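The values are calculated or read from the model by the stated rules, or taken from the named source; none is laboratory data. In this text, all values refer to a predicted model and were calculated from it rather than measured experimentally. All Cβ positions, glycine included, derive from the backbone under ideal geometry; neighbour counts span all protein chains shown.
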Amino acid sequence: MDRATRRGRFITLEGPDGAGKTTQAERVAGILRAHGKEVVTTREPGGTALGNRLRQVLLDAETPLQPTTETLLMFAARAEHVAHVIEPALAAGHWVVCDRFTDSTFAYQGDGRGIAKRDIEALAAFTHPGCWPDLTLCLDVPPATSTERMQERTLDGFEREDGGFYRRVREGFVKRAERETRIVVIDGSRALDVVTAAVQDAVEEFVRRLDAQG
Ligand code: T5A
């Protein structure tokens, strides 16, 4: 199959708030570009005009949503994002680096809010059948690190949740990583250069494995 018709790869960054995903997403894109890949960087919720409008609703600390509403809006934003950004980029052979995807819904709405996993699975199958990340880097940080890193900013609705919510979210990510081999857990609480080196190793290993497959 030639370069023009080869489907790109989908890499996501996951973890609790303040874990360092946005910081590392840029670095992942840089590593891939150094390997000659065309890279599209994006994030959730968001990534499209409607997705960004839904993001404002979802993160608005003044208007808390029912967990069911929150879950459905996450998937509504995702449906647009997959259809208009992620799938077209992958089909064109580009690599997509996305800050959060459906693993966040399992951790935040599932473990955090108590939405049944089978309902999230059904919504994922409905919204993005056959479109799952090839590699997920999950930056693991304890709630105290999240709080410390968010000190300087005005907190959105999620960031105002209590420590119990963040413990459940963190455990949710770690448990999901035990079941999904595409998820690599990286200790995100370490110094930035140490985390960056671990992220680089994981990405280089993934690219090497693909190259070896031809
Ligand atoms: N959500 C999202 C759901 O509930 N369900 C879903 O399905 C989806 C998709 C999104 C919210 O939506 C929720 C989860 C979120 O609460 P957001 O503002 O995009 O809101 O939240 P985050 O994605 O968590 O973004 P954050 O900016 O809060 O965290 P990041 O991106 O993980 O962290 P980053 O890179 O911005 O770093 C935070 C700070 O820490 C520093 C950075 O310089 C920055 O100042 N930092 C480090 N400092 C020391 N050592 C390191 N190793 C550091 N790494 C970064």
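Filter region 1-56 down to residues that are at pLDDT 95 or above and of a type in the set (Ser, Thr, Tyr) and give me whichever is surrounded by the fewest Cβ atoms within 10 Å (Cβ to Cβ).
The selected residue is 22.
Within the set of pairs 6+ apart or on separate chains, which have a first residue in region 190-202 that is more than 19 Å from residue 142 (Cβ to Cβ), a second that is more than 6 Å from the ligand (Cβ to nearest atom) and in a helix (DSSP H, G or I), and C-beta atoms under 8 Å apart?
Filtered contacts from region 190-202: 196/24; 196/27; 200/27; 200/31.
For the structure I just gave you, tell me whether residue 157 is in contact with a helix residue (DSSP H, G or I) (Cβ under 7 Å, 6 or more places away or on another chain), free of Cβ contacts under 8 Å to residues at least 40 places away in the same chain and at negative phi.
When the stated conditions are applied, residue 157 does not pass them.
Between 47, 15, 20, 30, which is of a type outside the set (A, V, I, L, M, F, W, C) and either away from the ligand (no atom under 11 Å from the Cβ) or within 18 Å of residue 123 (Cα to Cα) (or both)? Please lay out each step first, then the result.
Details: 47 fails: either away from the ligand (no atom under 11 Å from the Cβ) or within 18 Å of residue 123 (Cα to Cα) (or both); 15 fails: either away from the ligand (no atom under 11 Å from the Cβ) or within 18 Å of residue 123 (Cα to Cα) (or both); 20 fails: either away from the ligand (no atom under 11 Å from the Cβ) or within 18 Å of residue 123 (Cα to Cα) (or both).
Going through 47, 15, 20, 30 in turn, just one is of a type outside the set (A, V, I, L, M, F, W, C) and either away from the ligand (no atom under 11 Å from the Cβ) or within 18 Å of residue 123 (Cα to Cα) (or both): 30.
Taking the criterion of being touching a Phe, Trp or Tyr at 6+ places or on another chain (Cβ under 6 Å), away from the ligand (no atom under 13 Å from the Cβ) and not hydrophobic (A, V, I, L, M, F, W, C), would at least one residue in region 166-176 satisfy it?
Looking through region 166-176, none of the residues is touching a Phe, Trp or Tyr at 6+ places or on another chain (Cβ under 6 Å), away from the ligand (no atom under 13 Å from the Cβ) and not hydrophobic (A, V, I, L, M, F, W, C).
Given 134, 140, which one is modelled with pLDDT of 95 or more, in contact with a strand residue (DSSP E or B) (Cβ under 8 Å, 6 or more places away or on another chain) and either closer than 21 Å to residue 190 by Cβ or within 11 Å of the ligand (Cβ to nearest atom) (or both)?
Of 134, 140, the one residue that is modelled with pLDDT of 95 or more, in contact with a strand residue (DSSP E or B) (Cβ under 8 Å, 6 or more places away or on another chain) and either closer than 21 Å to residue 190 by Cβ or within 11 Å of the ligand (Cβ to nearest atom) (or both) is 140.
What's the number of the condition residue 115 fails, among (1) in a loop (DSSP other than H, G, I, E, B); (2) in contact with a helix residue (DSSP H, G or I) (Cβ under 7 Å, 6 or more places away or on another chain); (3) away from the ligand (no atom under 12 Å from the Cβ)?
(3)
Looking at 48, 12, which one is over 14 Å from the mean Cα position of the chain (by Cα) and of a type in the set (Ser, Thr, Tyr)? Show your work before the answer.
On the way: 12 fails: over 14 Å from the mean Cα position of the chain (by Cα).
None of the other options fit; the residue is 48.
Could you say whether any residue in region 155-178 is part of a helix (DSSP H, G or I), surrounded by 15 or more Cβ atoms within 10 Å (Cβ to Cβ), in contact with a Lys or Arg (Cβ under 6 Å, 6 or more places away or on another chain) and at pLDDT 95 or above?
no
Right, residue 88: over 17 Å from residue 13 (Cα atoms) and either in contact (Cβ under 8 Å) with a residue 60 or more places away in the chain or away from the ligand (no atom under 12 Å from the Cβ) (or both) or not?
Yes: the conditions hold for residue 88.
List the number of the failed condition for residue 183; all other conditions in (1) closer than 14 Å to residue 13 by Cβ; (2) within 11 Å of the ligand (Cβ to nearest atom); (3) of a type in the set (A, V, I, L, M, F, W, C) hold.
Single failed check for residue 183: (2).
Do you know which residues across region 85-102 are out of contact with any Leu (no Cβ under 9 Å at 6 or more places or on another chain) and over 13 Å from residue 131 (Cα atoms)?
Answer for region 85-102, where residues must be out of contact with any Leu (no Cβ under 9 Å at 6 or more places or on another chain) and over 13 Å from residue 131 (Cα atoms): 92, 93, 94.
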